[in-house]
Amino acid sequence: MLLVAGALGYVATPAGGERLRALAVKEANAAIKGAIAVRKLSLRGAHLTLEGVELRDPDGALVASASGVEVRLRLAALVQRRIDVSLVRLDGPVLHVHQDEGGSDLQRAVALRNPTPSENEGKKSSLGFVLEHLEIARGEIDVVQRSAGASRHVRLEDVTTQGSASAVAEALGARLVVDGELAAPLRGRFHLALDASGQGKRRDARVALSLGEAKFAARAHMEDETHADARIESLVVPPEAARAFLASYPLRAVASLSAEARRAGGDVSLRLLARAASA
């Protein structure tokens with residue numbers, strides 16, 4: 001413990017922080033095909049802050065950046081074989097993704113230089129993980145997808161995110177709320193809410209998504225591998241929203257849909273109701 005305290009005190013000094021920043025960047029860049037840059041790093045106890053973070057692809061193009069990153073840990077939880085992250089905060093993150101048939105620049109940037117098969121691959125870890133609070137402010141996401149004869153551009157601005165996640169023994173849980181303004185391919189308010197939980201084989205999930213006048217709400221429950229049900233509670237698709245993503249969308253009226261699927265052993269049932277104008 002004295003050795004750990006001494007090391008943390010060392011990197012808390014400006015010179016120690018600079019040495020740690022240089023070492024961390026060097027190790028990261030040796031591991032991935034892209035390049036990471038960090039303007040400033042500070043570590044005080046279990047409180048890590050980064051400023052001016054950038055990720056570039058192997059060609060040098062900027063893929064992701066953040067003006068600030070803050071991480072707070074609870075070191076006492078390690079005694080219980082649990083990684084407890086009390087806070088992850090990203091300020092001003094920007095993500096630029098260009099995708100084609102060969103993949104994306106993000107994939108190329110984080111691809112490992114020397115991938116090796118893990119000895120523990122497929123084995124369940126006994127180490128627990130808890131993320132108490134995730135916060136993102138002033139984010140931007142810009143995605144350009146190109147394929148043969150077609151191109152799609154999606155841009156989300158002023159992104160804010162609140163969330164949490166945990167995986168301890170047989171218990172799982174996650175919560176995520178994302179808000180933002182969609183600027184392309186159409187303009188509208190974006191909102192996503194996701195809740196998921198599980199215990200053993202039991203799983204429950206709910207999702208709500210809205211984009212302007214378009215809305216989607218669904219939930220799913222799995223009791224075990226042979227007993228499950230899923231329900232689309234509502235799906236509302238205005239034609240202008242659909243054509244922004246699929247130019248050949250044929251309907252001119254607002255379409256709505258609800259559906260329910262169930263499995264009980266070998267029995268499977270499906271109910272579907274779709275409407276558009278008077279049809």
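The table below gives the values:
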item	result
Length released on extending from Arg175 to Arg146, taking residue separation times 0.36 nm less the Cα-Cα span	7.2 nm
Label zone at Ser234, where the point sits 7 Å out along the Cα-to-Cβ direction: region 175-215 residues whose backbone N lies under 17 Å	189-194, 206-215
Anchor Lys201: aspartates and glutamates whose Cα lies under 18 Å away (excluding residues fewer than 8 positions away in-chain)	Glu170, Glu223, Asp224, Glu225, Asp229
Average accessible surface area per residue within region 17-88, 1.4 Å rolling probe, Å²	57
Inter-label distance, nm, simple model (7 Å from Cα along the C-beta direction), His191/Arg19	5.2
Angstrom value of the Kirkwood radius, inverse mean 1/r, which spans all Cα pairs in the chain	22.4
Region 162-279: C-alpha gyration tensor shape, a/c 1.5 cut-off, then a/b vs b/c	oblate
Selected from Val38, Pro239, Tyr249, residue furthest toward positive end of dipole (the chain; charges at beta carbon)	Val38
Residue-normalised accessible area of region 151-279, expressed per residue, 1.4 Å probe, Å²	61
Length released on extending from Lys40 to Ser104, taking residue separation times 0.36 nm less the Cα-Cα span	20.2 nm
In Å², nearest 10: area of Ile83 left accessible to a 1.4 Å probe	60
Virtual spin-label span in nm between Arg271 and Arg202, 7 Å along Cα→Cβ	2.4
Between helix 2-11 and the chain: long-axis angle, C-alpha atoms, 0 to 90°, nearest 10	80
Within the accessible area of the chain (1.4 Å probe), percent carbon and sulfur	59
Using a Förster distance of 22 Å, the FRET efficiency for His47-Ala77 (Cβ separation, nearest 0.05)	0.90
Size of charge dipole - region 178-242 - debye, nearest 20, with Cβ of Lys, Arg +1 and Asp, Glu -1, no other charges	60
Net dipole in debye of the chain [+1 Lys, Arg Cβ; -1 Asp, Glu Cβ; about Cα centre; nearest 20]	180
Cα-based Rg of region 115-214 normalised by 2.2 N^0.38 Å, two decimals	1.42
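The values are calculated or read from the model by the stated rules, or taken from the named source; none is laboratory data. All figures in this text were calculated on a predicted structure; none of them were measured in a lab. Positions of Cβ are backbone-derived with ideal geometry, glycine not excepted, and every protein chain shown enters the neighbour counts. What goes into the accessible areas is simple: the full protein's heavy atoms, side chains included, and nothing from ligands, DNA or RNA. Shrake-Rupley method; radii C 1.70, N 1.55, O 1.52, S 1.80 Å.
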